[in-house]
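The values are calculated or read from the model by the stated rules, or taken from the named source; none is laboratory data. Owing to the predicted nature of the structure, the values given are computational and were not obtained by experimental measurement. Virtual Cβ from ideal backbone geometry, glycine too; neighbours counted across all protein chains shown. Ligands, DNA and RNA are excluded from the accessible area calculation, which covers all protein heavy atoms including side chains. Shrake-Rupley method; radii C 1.70, N 1.55, O 1.52, S 1.80 Å.
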Amino acid sequence: PAWLKCHAWPLRPFSGGMTYYYDSDAGLLKTACSISWTVVPTVLLSFEFWFFFAIHLTVFFSFRAGLIGGSQADKLANLGLDWSFVQVGSAITTFFEVFYSSQCFSRYMDLYKATKGMFEDAYAFAYLLRGHIGEKGQTAVRLSTRYMIAAMVLQVFEMKHIETQMAGSGSGDLDAMVKFGILKPREADSMRSQKQRHRAMTALSWSAGFAIKGLSEAEAKSNLHSVMTIRLFAIKSGQQDIINTLALPVPYQYVHLLSIMVCMNLLLWAYSMGLTNSVFAPVVFFFASLIFLGILELSDALSDPFGEDEVDFHVDKWMAKCVEQLIEIIETTYPGRADGMRVASEAEGLLSLRADTAKAVFEEVAVNIEESQLKPQGTSGYLRVPERLRDAEMLGPRTPPWTPSGHSRELAMPPGEYSRSS
């Protein structure tokens with residue numbers, strides 16, 4: 001409902017989800033009382049929850065008003081329900097529900113690994129293009145990368161079950177990709193007659209063709225052709241794993257039996273807890289049914305994480321980050337290009353780094369951040385190096401920095417202190 005989207009409403013369900021970084025040290029009580037980023041709002045808005053709760057309240061108040069049975073003995077003898085009968089059904093239902101949620105979570109993790117693996121394979125392919133072809137076949141590198149990005153975007157459309165066919169205008173996904181430069185009009189037109197699940201494979205074949213063309217232009221070794229092709233095949237294999245997993249959910253027969261058991265269990269709870277004089281019976285039933293239905297709702301969201309539920313993947317954001325990094329890999333060059341690499345190679349000597357150099361760098365950065373926060377704004381000061389970093393053996397000899405002209409320049413520093421530059 002529209003009113004539910006108001007930000008002031010505490011039960012507003014969050015749409016489009018993972019990842020929520022929670023505080024593991026917040027405590028059980030604070031975590032249990034939180035509502036945001038949970039399935040509680042979805043359960044409280046479901047018909048099933050209030051249907052069984054209404055049955056429980058009807059039985060509860062009818063029993064207290066004497067409408068069910070006559071005397072207390074008649075009520076227990078004729079209309080009563082032995083709690084041991086309910087426990088048997090509850091135990092079986094709990095086992096099946098825990099098994100179902102475990103399978104859904106395992107499926108959820110498999111889809112996460114496959115989706116992330118697709119992006120990692122794309123990075124590896126871009127590094128191979130950049131390293132083995134470089135600037136000699138830069139045009140082929142760019143084309144191969146663009147077609148690989150197009151294949152992954154088409155795969156994301158298929159994962160998110162986006163209906164792309166538009167009446168009278170071809171395919172909506174291809175039109176959007178042409179608009180933003182992922183595909184050229186001629187390339188998109190050649191894909192329109194294909195089925196949606198075949199388009200990503202076509203784009204990958206184009207990417208492989210230009211990768212091999214670039215290797216030929218760079219006069220690279222012939223065995224690199226198979227290396228490039230295998231890396232692209234790994235991307236396609238990851239995409240196919242995602243499609244196969246989505247196409248094989250938990251069998252409907254199992255879900256059907258589980259739904260029957262949950263409904264029967266909630267119905268038995270609603271009736272047996274209603275036949276009591278305790279005023280806490282509705283409270284117990286409320287939270288017990290909330291937990292049972294909440295686990296089912298969470299399992300359903302985990303089984304297909306490419307929608308708009310709280311736990312679904314941010315595939316669009318992952319894709320945007322992947323494209324940004326791929327562009328940086330392909331287009332970023334070393335300072336000075338070939339001449340700069342030659343100068344750096346000639347100037348580089350033996351590595352003088354020590355085993356604890358990285359730790360020393362982290363400690364110095366931490367101290368610099370701490371003192372920059374303590375130093376009043378607009379004042380000058382010196383950043384202290386930690387005491388353990390003043391060992392000359394670790395930091396090496398203190399040599400004065402050099403100006404571009406080759407002459408040393410003196411730095412004003414208090415006695416016994418290291419400047420930030422040294």
Check: What FRET efficiency do you get for T58 and L28 if R0 is 35 Å and r is their Cβ-Cβ distance, rounded to the nearest 0.05?
Finding: 0.55
Notebook entry, point to check: Residue by residue, what Karplus-based ³J(HN,Hα) values in Hz, rounded to whole numbers, does the stretch 285-294 have, using 6.51, -1.76 and 1.60 with θ = phi - 60° and x for Gly and Pro?
Noted result: 5, 4, 6, 5, 5, 4, 5, 4, 6, x
Note to self: Along the Cα→Cβ direction, 7 angstrom out, place labels at K195 and Q325. What is the inter-label distance in nm?
What the structure shows: 3.3
Margin query: Given axes a ≥ b ≥ c from the Cα gyration tensor, I'd like to know whether the stretch 146-281 is rounded (a/c under 1.5), prolate (a/b larger than b/c) or oblate.
Written below: prolate
Check: Among A234, T276, P305, whose Cα sits farthest toward the positive end of the charge dipole of the stretch 233-321 (+1 at Cβ of Lys/Arg, -1 at Cβ of Asp/Glu, about the Cα centre)?
Finding: T276
Checklist line | Accessible surface of E364 - all protein chains present, 1.4 Å probe, nearest 10 Å² | finding: 60
Margin query: To the nearest 20 Debye, how big is the dipole of the stretch 194-337 about its Cα centre, given +1 on the beta carbon of each Lys and Arg and -1 on that of each Asp and Glu?
Written below: 620
Next item on the list: With label points built 7 Å along Cα→Cβ from the Cα atoms of E120 and S205, find their separation and express it in nm.
Entry: 2.9
Notebook entry, point to check: Once both labels are modelled 7 Å past Cα along the beta-carbon direction, what's the K221-L67 spacing in nm?
Noted result: 8.5
Note to self: A 22 angstrom limit on the alpha carbon distance is what I want to check against. Which of K116/K236; K213/K321; K113/K236; K160/K317 exceed it?
What the structure shows: K213/K321
Notebook entry, point to check: In what order, largest first, do S222, S90, S216 sit by accessible area if the probe radius is 1.4 Å?
Noted result: S222, S216, S90
Item checked: Heavy-atom accessible area ranking, 1.4 Å probe, most first, across C104, C33, C263 -> C33, C263, C104
Notebook entry, point to check: What is the extension gain from E48 to E370, computed as 0.36 nm multiplied by their sequence separation minus the C-alpha to C-alpha distance, in nm to one decimal?
Noted result: 110.5 nm
